[in-house]
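Below: one structure, written as structure tokens.
The values are calculated or read from the model by the stated rules, or taken from the named source; none is laboratory data. The structure displayed is predicted, hence computed values, not measured ones. All Cβ positions, even for glycine, are placed from backbone atoms using ideal geometry, and neighbour counts span all protein chains on display. Note: accessible area is taken over every heavy atom of the protein model, side chains too, but ligands, DNA and RNA are not part of it. Shrake-Rupley method; radii C 1.70, N 1.55, O 1.52, S 1.80 Å.
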Amino acid sequence: MWKPDRDSKKPIYEQIAAHLEQRIACSEFPPGSLLPSERKLAEQLGVNRSTIIQAFAELRSIGLIESQLGSGTRVSQTKWGVTPQYALNWRKYAEGGNFLPNVPFLRRIREALHQQPALIDFASGELAGSLAPTEEIQQLMREHTYTSYLGYDNPQGYVPLREALVTYLARYRDIQTTESSILITSGSQQSLFLIAQCLLSPGDAVAIEDPSYCYSLPMFQSAGLRLFRLPVGSSEGYVDEIRKLVKKHGIKMIFMNPNFQNPTGTLYDMARRSQLLDVASELGIPIVEDDPFSLTAYDSPVPPPLKAMDTGGSVIYIGSFSKIAASGMRIGWMVAPNAIVERLADARQQMDFGLSVIPQQIVAQFLTSAYFEPHLERLRLQLQFRRDSLLEAVRQELPGLLTYVAPQGGLHLWCKLVPKVHDGKLLEEAIRRGVVFVPGSVYGSSDGYVRFTYARPRDPREIGPGIAKFAEALREAAD
Ligand SMILES: Cc1ncc(COP(=O)(O)O)c(C=O)c1O
């Protein structure tokens with residue numbers, strides 16, 4: 001461990017300041033991060049606390065760090081990477097490249113969840129750990145050997161998983177396909193990424209839903225796509241809107257999430273599904289059908305996916321293990337024409353040589369095991385219970401303060417707030433009180449909407465207190 005050189009002519013506080021500056025420049029302490037306390041550093045470096053105070057004063061004077069009473073000393077967000085001492089400007093690289101950062105509210109939520117692990121989390125769009133089939137998967141891992149082959153596998157995906165998915169898709173989604181038409185991805189997110197990067201070009205126009213899945217927005221923009229919006233809510237005039245967009249902007253692809261749409265929970269009816277397919281095949285435009293939630297339907301069955309009705313061959317279908325079992329497995333799938341699957345598998349080979357074979361083996365085992373069906377049954381009941389707990393809490397804590405349509409499947413409740421509020425203020429008030437949600441503007445809607453993911457709180461008993469905290473925050477932000 002570095003220690004100041006007591007024989008050097010350079011004062012010790014200056015040596016310490018230079019040493020810290022170097023660690024900051026190398027991003028050991030990134031912008032905004034907390035430095036160790038004066039007392040801790042003094043102990044580590046074997047110096048008096050007053051020497052550290054002098055070193056911090058030196059770094060504060062060049063704006064590299066900022067101290068706030070009671071909350072420690074942090075690396076400045078604005079000065080990091082522009083320090084005169086070192087020629088290498090990492091900030092230039094960190095802010096370079098073609099990939100846009102996530103939207104600021106999402107970064108703020110991630111930071112809050114990291115800093116305050118006890119927050120009641122209605123923000124992360126995934127299942128609580130307790131809803132995942134952890135014990136079943138552990139049991140399968142005890143029963144089977146997963147390490148018989150550990151070389152690079154086929155970048156299109158592990159064949160037994162693709163075979164298991166052929167049966168799964170026929171049984172649960174009425175989709176008849178073959179393993180050669182399936183590409184395994186590390187979640188739907190990667191399916192969307194591959195489509196945006198490999199099948200489209202910068203400047204291409206695509207239609208997306210309004211509002212729509214938040215992580216796809218910056219990713220599409222990073223690919224240089226021009227985004228045009230189709231309102232999710234209105235069936236009326238929907239097809240005319242598509243025709244207009246195609247005529248005006250030369251739309252190349254349409255992205256849809258027709259079952260329990262994220263964030264609104266909308267379930268497209270049969271009429272809209274048929275109209276969409278008709279217009280896509282008439283205009284020769286592919287539809288990407290993103291379908292991570294359909295198996296969570298609580299009461300009534302969902303209509304067949306577009307892919308199952310697709311006689312014209314217009315649909316790329318993407319699915320995921322994340323919302324029905326475990327997002328950490330990072331397993332998704334795409335069903336597409338063979339030429340597309342081959343093109344994307346070739347891209348996978350260039351990017352990362354395909355997905356690790358071990359989670360693919362485990363998911364193949366799980367989908368074909370006797371555990372899968374009972375897990376789904378349980379998951380649906382638990383999600384329904386959580387939805388009902390949330391609706392009850394909303395009725396009690398927020399009477400007349402928000403409007404919504406109760407979702408019949410999926411993980412989220414989408415609400416319109418009756419009082420006028422600023423999204424940022426509401427989010428900060430909520431975080432201060434120990435609860436976090438996603439403001440609607442993240443999905444491209446105007447201020448005044450929120451998404452609550454009732455699937456996410458660690459325990460359903462957190463839902464009531466979480467909504468009570470949100471209600472306090474709303475009253476404060478609306479004042
Ligand atoms: C509509 C939609 N598509 C895709 C994803 C990405 O999920 P994953 O990559 O875990 O499959 C999500 C996750 O929230 C989603 O809601």
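Taking the charge dipole of region 146-370 about its Cα centre, with +1 at Lys and Arg Cβ atoms and -1 at Asp and Glu Cβ atoms, the residue from Pro211, Phe260, Pro359 reaching farthest to the positive side is Pro211. Seen against the Cα atoms of the chain and their longest principal axis, helix 338-352 is set at about 10 degrees. Angle of helix 463-478 to the longest C-alpha principal axis of the chain, folded into 0 to 90 degrees and rounded to 10: 70°. For the chain, the fraction of 1.4 Å probe accessible surface lying on carbon and sulfur atoms is 52 percent.
A 1.4 Å probe run over region 12-94, with the rest of the protein chains in place, finds 57 Å² accessible per residue. Net charge in the neighbourhood of Gly354 (other residues with Cβ under 9 Å of its Cβ; Lys, Arg +1, Asp, Glu -1) is -1. Taking Cα pairs under 8 Å and at least six residues apart, what relative contact order does region 146-370 come out at, in percent? Reported as a whole number, the value is 31 percent. Averaging the Cα positions of each part gives two centres, and for region 249-269 and region 183-215 these lie 12 Å apart. In a reduced charge model with +1 at each Lys and Arg Cβ and -1 at each Asp and Glu Cβ, the chain shows a dipole moment near 1140 debye about its Cα centre. Using Cβ point charges alone (K and R +1, D and E -1), the dipole size of region 230-368 about the Cα centre works out to roughly 280 debye.
With respect to the chain, whose longest principal axis is taken over its alpha-carbon atoms, helix 12-25 is tilted by about 10°.
Solvent exposure of region 146-370 amounts to 38 Å² per residue of accessible area, where only protein heavy atoms count and the probe is 1.4 Å. Normalised by the number of residues in region 266-352, the average gap of Cα pairs under 8 Å and 6 or more apart makes the relative contact order 26 percent.
Once the Cα-Cα distance is subtracted from the 0.36 nm per residue extended length, the Glu163 to Ser274 segment shows a gain of 37.1 nm. Once C-alpha pairs closer than 8 Å and six or more residues apart are averaged by separation and normalised to the residue number of region 174-239, the relative contact order reads 32 percent.
Rounded to whole Å, give me the distance from the Cα center of region 16-57 to that of region 413-467. Each part's Cα centre sits 38 Å from the other's. Distance cut-off 26 Å, Cα to Cα: go down the list Lys252/Lys420; Lys244/Lys307; Lys416/Lys469 and report the pairs above it. Checking Cα-Cα distances, Lys252/Lys420 exceed 26 Å. The charge dipole of region 163-280, taken about its Cα centre with unit charges on the Cβ atoms of Lys, Arg (+1), Asp and Glu (-1) only, comes to about 300 debye.
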